[in-house]
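Reviewing the structure listed below.
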Amino acid sequence: MNKYVFKTYQSIRFLYKNFPISPLRLLKRLRKSEYWNRDQMESFQLEKLNKLISDVKASTVYFNERAAEINDPYRTIEEFKNEFPIMTKDDIRGHENKLINTNLKVTHTHSTSGSTGTPIVAKISCLAQSYRLAGIMRFYSWWGIEQNDKNALVWGFKETKKAKSGVFFKIKKKFKNRLDLNVFDLNDETIFQFYNRIEQFIPAYIRGYTSGLYLLAELMEKHNLRFEKVNLKVAIVTGEILYPYQRDLIEMVFECKVANEYGSGECGLYAHECPEGSMHINEESVLLTTDENNNAIVTEIHNNGMPLINYVNTDKIQISNGYCKCGRTSRLIEKIDGRATDFILTADGSKKSDALFYYIIAELDDIDLAESVKQFKIIQKNNHFLFQIVKGENYNDRVASYIENRMREEIGQDILINIQTVEEIKRDDSGKLRMFVREN
């Protein structure tokens, strides 16, 4: 699409969205603030944070009822982190109406995927939405992505026929410059259709769930497909943990680098990977901290629509105060460990990363059982583990025996293990593919 036509459409769209400041203007500011020193950034965050808290105490029932617990204004970020009451998902689900700012006439709606339970539907202020869009444009620009660049999205689409037939839907799709690829339809039979659609569309970059891009790369590798017309700038993965083997395959098949994106529907974009390989926190939009157990605690500092302040989002992350060699000064996420529910719970109450299962499967290559497991999923309930396997071409009884022995060595001798072979591992309704699920 012509750059000037796209910019005209974008300006009209931003005007329609009632943004108090255009994302394009904010983008110019973000390109400067990404080089601020730490004092400048913390001063900015603290100012916006205190303004947010003062506003929502007066405009939401939830924070008005808790005003006595809030000792604002805060003098430092550390003081806020230690003294402000923690919020959890249960707090949100039990008080949705009390959290909504009744003084705001216009808000934007975002929903979580619901992969860990009931989706959270969040109301986002126009200013916060503008910061979200500007943050995305800023991060994408690091990879040479222009705002009017074509892109392909591998996602879990559940659109109704009525929605698809609407005039506004068709106009929006046209100007998005995006090829939508439904991960629910991606398999051995359809891979050639998917490949041909991408080749004909010629996107500048591709984005999607980690498991979706990995599956696309896996099927292309299996059927000896490589892009001929397409020259991707980057493959952006989001929504799920990115494992090294997934990065390696995607980069090899797509012949481009992978950039990891981290965020949520309720609080926006938290961080994005730069070409140097560092995960930069979107500090102008979110205040991201951790507790002593590495639980992620987030505040979207411009969102007074349905404010989530000092919100524990159930993720486990590790934050570094080091600097990236790209020269940008934002704090970095050193590691994303996953959700709290993604950890294996042992009999003695200790936790182990679900990556353990990936390494057990990887070990099969070392005992002459390579390509014996095509796909797998584990469901833990108390001390019982259901291990579902889609057989690979070299699967035999040794596979189940090896997995059982290794699980007992790593998790405990008294666990109950049921290994079940299945035809396929089903995705969540959102389109995500969860390797491990722990049920209460």
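Below, the figures for the structure above:
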item: Separation in nanometres of the label points that stand 7 Å from Cα toward Cβ, at residue 409 and residue 28; result: 6.1 nm
item: Antiparallel bridge percentage (DSSP; both residues within the chain; nearest 5); result: 60 percent
item: Spin-label pair residue 64/residue 397, simplified geometry with 7 Å Cα→Cβ offset, distance in nm; result: 7.0 nm
item: Selection from 109, 317, 232 lying farthest towards where the dipole of the chain points positive, charges on Cβ; result: 109
item: Formal net charge of residues neighbouring residue 257 (Cβ-Cβ distance under 12 Å; K, R +1; D, E -1); result: -3
item: The chain, dipole about Cα centre (Lys/Arg Cβ +1, Asp/Glu Cβ -1), debye to the nearest 20; result: 2700 debye
item: For the range 15-64: rounded, prolate or oblate by the Cα gyration tensor [a/c cutoff 1.5]; result: oblate
item: Carbon/sulfur fraction of accessible area - the range 347-440, other protein chains in place, 1.4 Å, %; result: 40 percent
item: Rel. contact order, % - alpha carbon contacts under 8 angstrom, at least six apart, the range 365-418; result: 37 percent
item: Sequence-distant aspartates and glutamates (8 or more away, or on other chains) whose Cα lies within less than 14 Å of residue 335; result: 240, 261, 273, 315
item: Label assignment, volume of the Cα convex hull per residue in Å³ derived from the structure, set (1) 145; (2) 210; (3) 160; result: (3)
item: Among 437, 154, 411 the positive-end extreme of the charge dipole of the chain (Cβ point charges); result: 154
item: Environment charge of residue 274, counting only residues whose C-beta is closer than 12 Å and scoring Lys/Arg +1, Asp/Glu -1; result: 0
item: Summed residue charge, Cβ within 13 Å of residue 406's Cβ, Lys/Arg positive, Asp/Glu negative; result: -2
item: Computed magnitude of the charge dipole of the range 294-440 (debye, nearest 20; Cβ of K, R +1, Cβ of D, E -1); result: 640 debye
item: Dipole magnitude of the range 359-417 about its Cα centre (Cβ charges: Lys, Arg +1; Asp, Glu -1), debye to nearest 20; result: 380 debye
item: Helix-only CD estimate at 222 nm, as mean residue ellipticity for the chain, using -39500 (n - 2.57) per DSSP H run (n ≥ 4); result: -11000 deg cm²/dmol
item: Above-threshold pairs, the threshold being 30 Å between Cα atoms, out of 105/432; 257/432; 176/229; result: 105/432
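The values are calculated or read from the model by the stated rules, or taken from the named source; none is laboratory data. Everything quoted here is computed from the prediction, not taken from an experiment. With ideal geometry, Cβ positions are generated from the backbone for all residues, glycine too; neighbour counts draw on all protein chains shown. To get the accessible areas, we keep the full protein, side chains included, count just its heavy atoms, and leave off ligands, DNA and RNA. Shrake-Rupley method; radii C 1.70, N 1.55, O 1.52, S 1.80 Å.
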